[in-house]
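> Below is the structure I would like to discuss, written out as structure tokens.
The values are calculated or read from the model by the stated rules, or taken from the named source; none is laboratory data. Please read all numbers here as calculations on a predicted model, not as lab measurements. When we count neighbours, we look across all protein chains shown, and the Cβ atoms used for this are built from the backbone with ideal geometry, even at glycine.
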Amino acid sequence: MRATLIGVQGVELEVVLAALGLEPIPGAPTGDWVDCDYSCRTFPGGWIVVTSQLNLDLATDLELAASTTDQMAVGCEMYSIPMHSYAHGYRNGQLEWSVTHDPDDEARPLAVEGTLPAIVAELRAKALKAQADEDGVDFAFDVPMQLVAHYTGFVYDEDEATDWVRLRATAARPVRPERPRRNLWWPLLLIGLLFLVLWRWWTIP
Amino acid sequence: MRQFQDALRRGAGDMKSWIAAREVELQRGLQRSEQALDTYRRGVERAAQSAQSALVSKAEQLIETGASRILPRPAARSTAVSKPPSPSTPTRKPASAQPGQAAQGWLQEATAQTAAAARGAQDAFTLGLGDQAYAGLGAVGDVLQGDDFGASYQKRMAQERARDAADAQNFAAARTTGQVLGVGGQVLVTGALLGPWGAALVPAAQGVRIGQTAPLILRETAALAGAGGAAGVIGQAIDDVAHWKVGTPGDYGGAIVGGTLGALAAWRGNVARAGAAAGLTESVAQDTLNGGLNAQSAARARETAAAGATVAGLVGASVAKHMDGLPIKAKGVMGERVSRVRNFVRGHKTGPTKKTAHKLPGGGHTFPDLRTYKNGLPQQLIESKFGRKAHLSPRQIQATIELNNYRVDHSVPRDIGAALGLPISVIFPWDWATTQPQLEPGATAP
């Protein structure tokens, strides 16, 4: 599963949605946060959370959302198949900290950068201790999502709210087409086989 | 002056006669020594024969009392030996109708065959260096007793070569079988040593599947074996096209055996070992099906195993390294694709890509990557994983405990390396690496 969660504090919902190029789908019923390509909901403390499974890009969209507020903006992105996750924290539109979990980086299962709030160190220490105690379970993967949950109150794998507003992209949403897939394997394989056959022809005694 | 010359001539004649007399005495002494040696040799032979008779008698008792229903009747062995004897090997006498002599012949035959097979295995396993080591050690022993090392080494090497030649002439099947077994052992030992070293050199080729990964079911194993066999057939067909010939059923049968075994071995992990196993079994199976193993079989098996390991290892490691370096999104796509292939092989349909939450009995939600259906009914929730170090999160661990239909698919980069490396190694034309000619169809072992 891939999901992107963006939380912004102290700003109107319409402003955030406009910055991200999103709008509510007219007449669509509310649902849970994975029912639609984009969803949003307000949380206590003046937090607005926007989620997407496929189409939000944390690096660019969180920066856009953070630019709308002079308070905090946090966001995380998770890829549950390779078990990679990361989170960023902004204040006054400026990037303050980053936490990255890369399972292949055994030396630094949770890489941190920037001016870290106390909660980062606390969650990090807790996860690493649990991971050391129980081999074969990736506790560090959840830390970026726990950070978002700590600030916004949205726990992605416990949330049972069904009043998430379904959103859609507007014409103003910047189109970020993914790079065309370079599927080079089949051509390379065919070229290799052709080469081998020709080689055999050439070397027939 | 003349008197002096006469005296000198007489003295020389006396010396000649003295020398002739000593030569006669020496010849007589040598004859007496030879007679004594001959007498001693006969005594030793008589003693050895009596000891052998006693041993055979005991063996006969054992055979007749304990294994008479299993062993063939002595008369049945009368046509077993048909090859001309070699001067350097014990002459194998035709078995007589008497049980004692037949059992004795059977024991000698079995011992000689086993020894020839062991020598063949040793030669193949040590790449022929065993004979040299044996001769060298023996020569060192001779040096301690005052002999010349070089002469002793040459003499012993000549003996080893003569014995190998005699084995090849008189015990061809046993020696070839031993050589093939020796090559197999060599491949296994080399693979055991080089496999971990190769994996250590290429981190992308490492990675252990997580414990909760769903094992292959029978359909998946059969599909894997079928894919390997198909790769073998394609490889043989390419070889046929390249040589403008039509392969024998034995060629195709051997290719299927090699490809199948290689594919099953590849699932275990090390693609280089799988390539070696595929090359070895394909070569041996083809020679066997085409008329029997021959003197070149062991060398050819070794060469094809080495070539298979090289091609599969290089391609597999390169692909694994590429897969390991893929962007995160691409890794996600790859893991999901592997799960879709598994679903297809299992006979399940895969639902839409969009993820939905699944509530867990113990609280919380899990978000499976795929859902499968059969006849329109939901079957399994699939959690895909891709990567050398990917593990389950605590919530996913909870799902494996609480849900019966929760399946974990974990693929690692080396799986993709094996999926490409092994077929290429099976399809790859071996001739560039082999110096031994393939057995002609219909030929028989010498």
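> Residues of segment A:97-115 being farther than 13 Å from residue A:82 by Cα and either buried (at least 17 other Cβ atoms within 10 Å of the Cβ) or away from chain B (no Cβ under 14 Å) (or both), which ones?
A:97, A:98, A:99, A:100, A:109, A:110, A:111, A:112, A:113, A:114, A:115
> Can you report the number of residues in segment A:129-146 which are touching a residue at least 24 places away in the same chain (Cβ under 8 Å) and either closer than 17 Å to residue A:5 by Cβ or assigned to a helix (DSSP H, G or I) (or both)?
Total satisfying the criteria: 6.
> Now for a separate question. Just for segment B:367-382: of the residues that are crowded, with 18+ Cβ neighbours inside 10 Å and more than 7 Å from chain A (Cβ to nearest Cβ), which one is farthest from residue B:342 (Cα to Cα)?
B:368
> Something else: Give me a count of the residues in segment B:408-429 that are within 7 Å of another protein chain (Cβ to nearest Cβ) and more than 29 Å from the chain's Cα centre (by Cα).
Residues in segment B:408-429 being within 7 Å of another protein chain (Cβ to nearest Cβ) and more than 29 Å from the chain's Cα centre (by Cα): 0 in total.
> Just checking, how many residues over segment A:118-128 are touching a residue at least 12 places away in the same chain (Cβ under 8 Å) and either buried (at least 22 other Cβ atoms within 10 Å of the Cβ) or among the hydrophobic types (A, V, I, L, M, F, W, C) (or both)?
Qualifying residue count for the region: 5.
> For the condition crowded, with 21+ Cβ neighbours inside 10 Å, among the basic types (Lys, Arg) and either part of a helix (DSSP H, G or I) or within 8 Å of another protein chain (Cβ to nearest Cβ) (or both), what is the one hit in B:389, B:355, B:385?
None of the other options fit; the residue is B:385.
> Within segment A:30-40, count every residue that is within 14 Å of chain B (Cβ to nearest Cβ) and either surrounded by fewer than 16 Cβ atoms within 10 Å (Cβ to Cβ) or not in a strand (DSSP E or B) (or both).
Residues meeting the conditions: 7.
> Here's a follow-up. For segment A:130-150, give me the residue count where each residue is at negative phi, surrounded by fewer than 19 Cβ atoms within 10 Å (Cβ to Cβ) and either modelled with pLDDT of 90 or more or of a type in the set (Gly, Ala, Ser) (or both).
So the count comes out to 3.
> Of all residues being surrounded by fewer than 22 Cβ atoms within 10 Å (Cβ to Cβ) and touching a residue at least 40 places away in the same chain (Cβ under 8 Å) in segment B:398-407, which is nearest to the other protein chains (Cβ to nearest Cβ)? Just the residue, please.
B:400
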